[in-house]
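Taking it in order: structure first as structure tokens, then the write-up.
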Amino acid sequence: MRRLTFLVFPLTLAACSAGALRVQPAAEWSQSSEEFQVEAPAFQQISRAVGKEARAECQRQARVRNCDFTILVDLNPRAPANAFQTLDDEGQPVIIFTRAMIQSAQNADELAFVMGHEAAHHVLGHIARQAESAQEGAAIFNDLGKLNGETGKELERSQKLGAEVGVQMNVKAFELEADQLGTIITHNAGYDPLIGAKYFDRLPDPGDQFLGTHPPNAERVDIVQKTAKQLGLTQ
């Protein structure tokens, strides 16, 4: 997993992997073609609105101390459609959208929903919780390795495997938690999460894989719909 001097990447929330990041603040980004269905000024407005509501929700829940979000665009033309949340070197939350991700959105509601989802990861403290799970998993596998007589490289491999298993055990639940809170943030920012969640219709369904990184799309849509109903929204 890549690391830059100013970004601290989480274990599995950062999935961008096609070449180096070339980031630019959302407020300065402008598309260079007519292939984007959501124009740069609209994306900048989404960033301001969602960022404001995410900050308010972050302060309300008080799970993490740093609540000032920075929204960036990855200008790398080779990067696949993706958005992820990470932290800068001062622990401030950063959300990065690739150009392909913005280009793939059919409307502002989809971009707002994805942004709300990524912001929710930070509000809910998922990076720290993943790190704790990784440490616990590594410790358990370390003890098991020692019981089996492992030392040196073998024990290191067991620790690494334990950390990976520890992270994967919670990652699906984290995604659903972020979908739920992301629905609220999206709604409070003035966008429709039910329209935004239509983005799932175009994603390959990961199914219900053991130790998979995402829950089935149907589960994600269901939690969005249930949360939206509680907000008084209907299809």
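The numbers here are math on the coordinates, done by the rules we state, and not lab data. For clarity, every value in this text was computed on a predicted model and none was experimentally measured. Backbone-built Cβ (ideal geometry, glycine too); neighbour counts: all protein chains shown.
Only aspartates and glutamates eight or more places from LYS229 in sequence, or on another chain, were considered; those with a Cα closer than 15 Å are ASP179, ASP192. Among 87-94, 183-190, 44-51, the peptide with the highest mean count of other Cβ atoms within 10 Å heads the list, and the full ranking is 183-190, 44-51, 87-94.
Each peptide in 77-83, 214-220, 34-40 receives the mean, over its residues, of other Cβ atoms within 10 Å, and ordering these scores from highest gives 214-220, 77-83, 34-40.
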